[in-house]
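Below: the structure, in structure tokens.
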Amino acid sequence: MTSSLATVGRPIRSLAAAILIALPGCGVSPSVNILGSFFPAWLISIVIGVVLTVVVRQLFVAIDVASHLRPAGLVYPCLAGLLILATWLILFGS
């Protein structure tokens with residue numbers, strides 16, 4: 001009976017050890033103080049990147065390039081990803 005209890009407790013101990021090893025990585029995430037509230041830097045990068053994507057799309061529509069960008073469901077998410085990562089690198093890259 002003790003061997004079955006030992007095998008059940010082993011995954012729990014392994015999981016607890018993995019959590020304890022990974023937990024210190026959460027303490028060094030970059031945060032930005034905006035009006036007294038701390039926001040994670042990745043959230044700010046996402047917001048800025050999506051806003052820039054909307055602005056670039058409006059620019060593409062204004063110069064009549066948007067009709068040539070097909071498939072739009074692939075182009076604009078890739079553009080958003082590019083602008084989000086570029087924002088991250090420009091603002092928070094060291």
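Readers should treat all values here as calculations from the given coordinates under stated rules, not as data from a laboratory. Keep in mind that this is a model prediction, so the values were computed, not measured. As a convention, Cβ positions derive from the backbone with ideal geometry for all residues, glycine included, and neighbour counts pool all protein chains shown.
What to note about this one:
- Any chance Leu79 is surrounded by fewer than 14 Cβ atoms within 10 Å (Cβ to Cβ) and either in a helix (DSSP H, G or I) or more than 18 Å from the chain's Cα centre (by Cα) (or both): no
- Taking region 38-70 as the range and being of a type in the set (D, E, K, R) and over 14 Å from Leu82 (Cα atoms) as the test, the residues that pass are Asp64, Arg70.
- Any hit, region 28-40, residues being part of a helix (DSSP H, G or I) and loosely packed, with under 14 Cβ neighbours inside 10 Å: yes
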